[in-house]
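The values are calculated or read from the model by the stated rules, or taken from the named source; none is laboratory data. Please read these numbers as outputs of a predicted model, since none were measured by experiment. Quick reminder, even Gly has a Cβ in these numbers, built from the backbone with ideal geometry, and neighbours come from all protein chains shown.
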Amino acid sequence: MLNMQGRPTHVGEVATGERQTFTRNRALQMEEPLIFETGRFDVTGVDIDEPEKFTPRLGAHARKSGIGLPGLTEPETMRHYVRLSQKNYAIDAGLYPLGSCTMKHNPRLNEKMARLPGLGDIHPLQPQSTVQGALELIETMAHWLMVLTGMPAIAMSPKAGAHGEACGMMAIKAAIAARGEGATRNVVLVPDSAHGTNPATAALIGYHVRAIPAREDGTVSAEAVRDALGPDVAAIMLTNPNTCGLFEKEIVEIARAVHEAGGYFYCDGANFNAIVGKVRPGDLGIDAMHINLHKTFSTPHGGGGPGAGPVVLSQALAPFAPVPFVRRDGEKLAFVEHAEGTQSFGRMTAFHGQMGMFVRALTYAMSHGSDGLRQASEDAVLNANYIRACLADVMSQPFGDRPCMHEALFDDRWLKDSGITTLDFAKAMIDEGYHPMTMYFPLVVHGAMLIEPTESESKASLDLFIMTLRDLAMSVRDGDVARFSGAPYFAPRRRLDETRAARQPVLKWVKPVTVAEAAE
Amino acid sequence: MRYLPLTPDDRAVMLMRIGARNIDALFADVPADRLLDAPPDLPRRKSEIEVERALSRMAAKNVAAGSVPFFVGAGAYKHHIPSTVDHLIQRSEFLTSYTPYQPEISQGTLQMLFEFQTQVAALTAMDVANASMYDGSTGCAEAVLMAHRVTRRKKTVLSGGLHPHYGEVVRTISAMAADDVTTLPPDIGAGEDILAKIDDSVSCVVVQSPDVFGNLRDLRPIAETCHVHGALLIAVFNEVVSLGLVEAPGAMGADIVVGEGQSIGNGLNFGGPYVGLFATRQKYIRQMPGRLAGETLDAEGRRGFVLTLSTREQHIRREKATSNICTNSGLCALAFSIHMTMLGEKGLRQLARVNHANAVKLADLLERTPNVEVLNESFFNEFTIRVKGDAADVIERMAAQGVLGGVPVSRLLPHAGLDDLIIVASSEVNTDDDRAALAAALQGVL
C-alpha cells in the first residue's frame, strides 16, 4: 500500500537564533582541510604505467631524501579545489572596486583563444619557421599597443607591471650610460603618491630616490619637478592618470622640464584604462611606459598573476630595448635573441614574455576595436564619476568636489570621531557582498579609499553599490559601531590576526606531533 | 559592444547626475590639444566569430607540440596535464580574483598558496618557499640579489652548466648595480672546476642540475666550499619533474633553490606565463623576495591564512623593499599545485621514472644512429648529442619533415663554437614511434 502522507510544504514554526553545526560547515560554506591532512602517500590521481625494465643513467644522483607529498584521487582533488574556490570573491561574482587594479570583466573568448593548440601548445625554442603565426601575433599586439600609446617602439618581454618598470628604467640607464653620463646621473624623482613598485624599481636598478611632494590638489606641479631637477637626475617616474585618480594636468610641461634637464620620463601606465583611445601618452612627451595587460586589456588576475607588462619606448630609448624582439624581413618574421652587436641592455627573462597573455589581450583588443576601447575608457571614467558624485555628500573627497578619471578617491575625514576606521568600513562592505575598494593607498591621503568600478558595471549595479555605501554611511552617523568593528560577520572567516602571522611565521604545513610520539 | 553594459540613455542620465555637459567635460584636465577627437587608426570592433577566425588563422601557421614527434626542451617541457587542472583553474573564483588583499574573502587563494609553498618546500627539501616568481630565470636573478643582501657581498659566480638565458638575466640586472659576475665557459661534460672560483669575496655561486646540457651534478662539495667562504649556493633547475628521481638540492646543502615549475600543471605557451619556484632556509626568510602566505587565526579562533611578512615588500617598504615584484604567477602556481596534488609523491616518482626511462630509451637508440654521439654520462630526461653537421640546419631540416628534434646549442650560445650540439628532451608524451621518427629523421638529414 502506498503511503499517501506526502511531505510538508509549509514553513511551520521555525526556530531562530545562532546554531552550531557538527561539521562546522554552514550549508554551502564548507570547511576544507589542507591536502596534507586528507591526502595519503600511497594514493595518486594520475594513472601512469610503470616503465619497462631499463638501466637508469642517473649516475650517483638518485634521490635518497624523502619527499613527503600526499596525493589525492581525481574526485577528491575536484572537491578540494571547488570548495576552496567557494571561499574567494571574484569579479565574476560581484563588483570588485579595487582602485588602481582595474578589475574589469575577463571575457571567456580570451581563454578559448589562448587554448588553441597552435597558440598554447608551442615551445619558445621551436624552430622559428614553425612559429611564424606566434611571431605575427606578437607583432600585431605590439602594433596595437604602439598605436594606442602613440609610441614608436616596444619591449614585449616584461612579465608584469613591476618587471616592465624595471625594463623601462634599465633602458633609461643604458641610454644615459651611452651618453657618458652614467656616473653622474644617479637620482630618480618619484612623487609621494607613486605605487610602491616605483621607488622599489628605481632602487633595484641602482638609483637613489628623490621624493617629490604632492601638491594640495593631488597632482604634481611642474614647479616642484623643476626644483628637484638637476644634473644628477636620470629620470622621473610619474603615474598618469595618477594614484589619486587625477590626470596630471601639467604633464606636458613636466616632460619638457625633465628633457631640458637631460633626464627621461618614465610613465607608470597602471591607470592606462582611463585614457585608451582618448589621449596618447606619446603626445604627452613620455619616454617609456608599461602597460599592465592584466588591468587595461582584461587578462585575468588569477588571484595574483600571471600578468604581462609590455613597455612602449620613445625613439631615444628604442635602441636599448631588451632582447628578444621580433624583426620583420618581408614575409618572414624572426626573433633577435642576442644582444651582441646591438645596443640592447640585455635580457629580462628566459623566453619571449607572456605569450598566453598576449593572446588574451589581443583577443580583447580586437573584440573592442579602437572604437570600443575608446568607449570602454569613457565608460570607466563615467562610472567612477557617477559613484563620486552620488557619494560626495556623505563621504569626504581629499581634493574637493571635482571630476576624477577612472577611480574616485575618498579620505577618512568623514569618519572622524566615529570610532570607525577605513579598515572597519571596508570590512563592513564585505558583509554587504562587495569586495572593498583599495584602502590606505595612495599614502598621501589619510585613510584613503580608492574606488575603481571599471566600465564593466551596469548602471543598476552602480546604483545598488551607491545605495549600499550610503546605507553604511548612515550607520556611521547613527553610531552603529558594531556593524563595522565586528565586520565581517558573514564571510568564510572573521578578521584574521595578521600580527600573529608575522610574529610567529608559519609558512608551510608541518606534521603535528601526536601524543604517542611526544611520549617517546 | 558586448562587454559594455551602459546604454546611451544610461550615459546621458549619469552625466546629468554628475553635472557634466558631455563626456569630455570629465577629461578637462587633459591638455585640450592632446585630446583625440576620434579613435586611433586601428580596426573597429569584431564579433566573436570574426575574432576567432583571425586568431585561428595565426594559430594555424604554427606547429603545435602535440601534433608531431616532439623533443624540444632546454628550459620548457612538453608534459601531459590532467584535464582536471585546466577545468579547476578556470573556475571564476580562482581566475577572476585579485591578489588576496582581503583575506576574509580570499581564503581559497590563500590556502592554495600555503599548500603550494608546502609542496615546493618538500620537493626541494628546503625550509620555506614563497608564493611564486614570474619564472625560473627571473627567480634566479632575484636569488642572486637576495644572496647579496644576506652576505653583504656583490660577486656572483655562474656555472657553465647554467641555462644561458638565466645567466643573461642575472648579468643584465647585475650590470645595473655594477655587481661583479663571473661566468664560467659552457660546460658540456659537467667537468668544470668551480671550486677554484670560490673565495671570501664571493656572495653566491649559481649551479644548475640537471644542467642545461642535461648532466646531473653533485652539489655537496660546492655547498661545502661555499660555506667555508661565507658564500651561498644557489641551486637551479629547469625541469621540476626531475625532483621525483634526482637528489633534492636542499639535501645537498643549497641555501637558495630556484627553478622553473612549468612542467607541472602548465602548458608550453611559447615561453610564458610560467611559474618560478623559490625556496630557502628558515634563517633567510626576511630577505626573501615575493609574496608569502602564512597561517593564523581569525577572531573566533579558527585557522585561516593571510599574506604575511609584507614589511619586506614594495607596497610597505618602497625603495627599501627586498624586490619590486608585485603581481607574480598566482594562477600558474594554482595549476602547479593541483597537478602536484593529483600526482602526490607516488605519482611524481612514477612520472619521473617514465620520463627517465623514455630518455634512456631514446639515448640508447640515438647511440646506435650513425653520425650521432650522446655526450652525457648521466641525465634525467634531457641530454646533449653531437651530430656530424650544423645542428641548427639539422633541426630546421628535420622540422621540414615534421619532426621537432630538439634545441641547437647555437640558438642559446651563438658564438661558443658549439655548432654541432643539440639538446634533446624526452618526456612521458613520447612514444616508440616518436623516437623512431627522430632517429630516422636524423639519419635522413645527416
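Here are the numbers for the structure shown:
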{"read-out": "Identity of the residue in region B:312-337, closer than 20 Å to B:Asp127 by Cα and surrounded by fewer than 24 Cβ atoms within 10 Å (Cβ to Cβ), that ends up farthest from the chain's Cα centre (by Cα)", "value": "B:Arg312"}
{"read-out": "Which numbered condition B:Ala175 misses (of (1) free of Cβ contacts under 8 Å to residues at least 24 places away in the same chain; (2) touching a Lys or Arg at 6+ places or on another chain (Cβ under 6 Å))", "value": "(2)"}
{"read-out": "Qualifying residues in region B:239-256 (those that are part of a helix (DSSP H, G or I) and of a type in the set (Gly, Ala, Ser)) - the one nearest to B:Ser209 (Cα to Cα)", "value": "B:Ser242"}
{"read-out": "Helices (runs of 4 or more DSSP H) within region A:180-280 that include 3 or more residues among the hydrophobic types (A, V, I, L, M, F, W, C) and buried (at least 23 other Cβ atoms within 10 Å of the Cβ)", "value": "A:197-204, A:251-260"}
{"read-out": "Of all residues making up region B:251-277, the number that are away from every other protein chain (no Cβ under 11 Å) and small (Gly, Ala, Ser)", "value": "6"}
{"read-out": "Set A:Thr468, A:Thr454: member being surrounded by fewer than 22 Cβ atoms within 10 Å (Cβ to Cβ), under 30 Å from A:Val276 (Cβ atoms) and out of contact with any strand residue (DSSP E or B) (no Cβ under 6 Å at 6 or more places or on another chain)", "value": "A:Thr468"}
{"read-out": "Those strands (runs of 3 or more DSSP E) lying entirely in region A:292-384 with at least 3 residues more than 12 Å from A:Met156 (Cα to Cα)", "value": "A:325-329, A:332-336"}
{"read-out": "Conditions (1) surrounded by fewer than 24 Cβ atoms within 10 Å (Cβ to Cβ); (2) under 12 Å from B:Ile423 (Cα atoms); (3) hydrophobic (A, V, I, L, M, F, W, C); (4) touching a residue at least 40 places away in the same chain (Cβ under 8 Å); number of the one not met by B:Val374", "value": "(4)"}
{"read-out": "Hits in region B:20-68 (condition: more than 7 Å from chain A (Cβ to nearest Cβ), assigned to a loop (DSSP other than H, G, I, E, B) and not hydrophobic (A, V, I, L, M, F, W, C))", "value": "B:Arg21, B:Asn22, B:Asp37, B:Ser47"}
{"read-out": "Candidate set from region B:175-206 (those that are within 14 Å of chain A (Cβ to nearest Cβ) and over 29 Å from B:Ser378 (Cα atoms)); member that is surrounded by the fewest Cβ atoms within 10 Å (Cβ to Cβ)", "value": "B:Ala178"}
{"read-out": "Residue check, B:Gly294 in the same structural domain as B:Ala131 (by TED's automatic domain parsing), under 10 Å from the mean Cα position of the chain (by Cα) and assigned to a strand (DSSP E or B)", "value": "no"}
{"read-out": "Members of region A:61-78 that are more than 7 Å from chain B (Cβ to nearest Cβ) and either assigned to a loop (DSSP other than H, G, I, E, B) or exposed (fewer than 15 other Cβ atoms within 10 Å of the Cβ) (or both)", "value": "A:Gly66, A:Thr73, A:Pro75"}
{"read-out": "Any hit, region A:95-108, residues being surrounded by 14 or more Cβ atoms within 10 Å (Cβ to Cβ), modelled with pLDDT of 95 or more and under 28 Å from A:Val510 (Cα atoms)", "value": "no"}
{"read-out": "Qualifying residue in region B:261-279 (condition: more than 21 Å from A:Ala162 (Cα to Cα), modelled with pLDDT of 95 or more and assigned to a helix (DSSP H, G or I))", "value": "yes"}
{"read-out": "Residue identified as touching a Phe, Trp or Tyr at 6+ places or on another chain (Cβ under 8 Å) and either within 30 Å of B:His79 (Cα to Cα) or among the acidic types (Asp, Glu) (or both) among A:Asn106, A:Asn110", "value": "A:Asn110"}
{"read-out": "B:Ala74 vs. criteria in contact with a helix residue (DSSP H, G or I) (Cβ under 9 Å, 6 or more places away or on another chain), in the same structural domain as B:Asp432 (by TED's automatic domain parsing) and not in a helix (DSSP H, G or I)", "value": "yes"}
{"read-out": "Qualifying positions in region B:311-351 - without any contact (Cβ under 8 Å) to a residue 12 or more places away in the chain and more than 25 Å from B:Ile89 (Cβ to Cβ)", "value": "B:Thr311, B:His315, B:Ile316, B:Arg317, B:Arg318, B:Glu319, B:Lys320, B:Ala321, B:Asn324"}
{"read-out": "Selection count where residues are crowded, with 18+ Cβ neighbours inside 10 Å, within 12 Å of chain B (Cβ to nearest Cβ) and either farther than 22 Å from B:Pro39 by Cβ or more than 25 Å from the chain's Cα centre (by Cα) (or both), scope region A:368-402", "value": "7"}
{"read-out": "Pair list, Cβ under 9 Å, 6 or more apart: region B:83-106 residue within 7 Å of chain A (Cβ to nearest Cβ), other residue of a type in the set (Asp, Glu) and in a helix (DSSP H, G or I)", "value": "B:Thr84/A:Glu74; B:Gln90/A:Glu111; B:Leu95/A:Glu111; B:Pro103/A:Glu498"}
{"read-out": "Matching residues in region A:129-157 - criterion: being more than 9 Å from chain B (Cβ to nearest Cβ) and either surrounded by fewer than 22 Cβ atoms within 10 Å (Cβ to Cβ) or not in a helix (DSSP H, G or I) (or both)", "value": "A:Glu139, A:Ala142, A:Met146, A:Met151, A:Pro152, A:Ala153, A:Ile154, A:Ala155, A:Met156"}
{"read-out": "Residue satisfying all of: in region A:158-174; in a loop (DSSP other than H, G, I, E, B) and not charged (D, E, K, R); nearest to the other protein chains (Cβ to nearest Cβ) among these", "value": "A:Ala160"}
{"read-out": "Residue in region A:477-498 that is within 30 Å of A:Pro191 (Cα to Cα) and without any contact (Cβ under 8 Å) to a residue 40 or more places away in the chain present", "value": "yes"}
{"read-out": "Residue that is surrounded by the fewest Cβ atoms within 10 Å (Cβ to Cβ) [pool: residues in region B:1-13 that are part of a helix (DSSP H, G or I) and of a type outside the set (A, V, I, L, M, F, W, C)]", "value": "B:Pro8"}
{"read-out": "Filter pass, A:Ala160 being buried (at least 17 other Cβ atoms within 10 Å of the Cβ) and over 14 Å from A:Gly263 (Cα atoms)", "value": "yes"}
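One line per residue, one yes/no per condition, for (1) of a type in the set (A, V, I, L, M, F, W, C); (2) without any contact (Cβ under 8 Å) to a residue 60 or more places away in the chain; (3) more than 29 Å from B:Arg349 (Cα to Cα):
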site: B:Pro408; (1), (2), (3): no, yes, yes
site: B:Asp419; (1), (2), (3): no, yes, yes
site: B:Val424; (1), (2), (3): yes, no, no
site: B:Glu428; (1), (2), (3): no, no, no
site: B:Val445; (1), (2), (3): yes, yes, yes
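This table checks each residue for (1) among the β-branched types (Val, Ile, Thr); (2) surrounded by 13 or more Cβ atoms within 10 Å (Cβ to Cβ); (3) under 29 Å from the mean Cα position of the chain (by Cα).
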residue	(1), (2), (3)
B:Leu15	no, yes, no
B:Ala20	no, yes, no
B:Leu26	no, yes, no
B:Asp29	no, yes, no
B:Arg44	no, no, no
B:Phe70	no, yes, yes
B:Tyr77	no, yes, yes
B:Ser83	no, no, yes
B:Thr96	yes, yes, yes
